[in-house]
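The values are calculated or read from the model by the stated rules, or taken from the named source; none is laboratory data. Every value quoted in this text rests on a predicted model; they were computed, and no experiment measured them. Quick reminder, even Gly has a Cβ in these numbers, built from the backbone with ideal geometry, and neighbours come from all protein chains shown.
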Amino acid sequence: MSTCQKLADMIGGVVVQATPVCVIMRLRDIDATILGRRTRSPLALPFMLSFEDNGLNLGESVVRQKEINPLMSALRKRGITVTAVHNHWLFDKPRLMYMHWENVTLDPVEFTRVSFEAAKEASLF
């Protein structure tokens, strides 16, 4: 089993891409619509992490407005830098926001562990 697959298994997700960058994803279970149409798109409902050979770890998740502060606090207390919170879509219900975070000091296993712990603490999963 590849390292990328092991990381995906840690979050109950799937490998989106293994090379040249490992990207893993688990979809959030949010009953959401865009333009009045139900969506299950990974563009709308992702919890994603990526890992590069140079040690760059990146994360992104869809968050409901009430989840923003809990997730940001949970990531920050674990030493993770939150870099952005913004929307992607117009006419979405509920209002979907997206949080991005980054780190270069943790190995991929630890970044996955703390990112997913923070998500669980903030009740994303």
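Structure notes:
- Any chance MET10 is surrounded by 16 or more Cβ atoms within 10 Å (Cβ to Cβ) and in contact with a strand residue (DSSP E or B) (Cβ under 7 Å, 6 or more places away or on another chain): no
- Within region 76-95, residues that are more than 12 Å from ARG64 (Cα to Cα) and modelled with pLDDT of 95 or more reach partners that are in a loop (DSSP other than H, G, I, E, B) and of a type in the set (A, V, I, L, M, F, W, C) with beta carbons closer than 6 Å, at six or more positions or on different chains, in the pairs PHE91/LEU35.
- Residue among ASP9, ASP29 that alone is of a type outside the set (A, V, I, L, M, F, W, C) and in a loop (DSSP other than H, G, I, E, B): ASP29
- Selection from region 13-26 of residues that are surrounded by 16 or more Cβ atoms within 10 Å (Cβ to Cβ) and either assigned to a strand (DSSP E or B) or touching a residue at least 60 places away in the same chain (Cβ under 8 Å) (or both): VAL15, VAL16, CYS22, VAL23, ILE24, MET25, ARG26
- Of the residues making up region 32-52, those that are assigned to a loop (DSSP other than H, G, I, E, B), of a type in the set (Gly, Ala, Ser) and either in contact (Cβ under 8 Å) with a residue 12 or more places away in the chain or more than 19 Å from TYR98 (Cα to Cα) (or both) are GLY36, ALA44.
- Residues that are within 16 Å of THR105 (Cβ to Cβ) and under 15 Å from the mean Cα position of the chain (by Cα) within region 57-77 comprise ASN57, LEU58, GLY59, LEU75, ARG76, listed in sequence order.
- Of the residues making up region 1-54, those that are among the acidic types (Asp, Glu) and over 17 Å from the mean Cα position of the chain (by Cα) are ASP31, ASP53.
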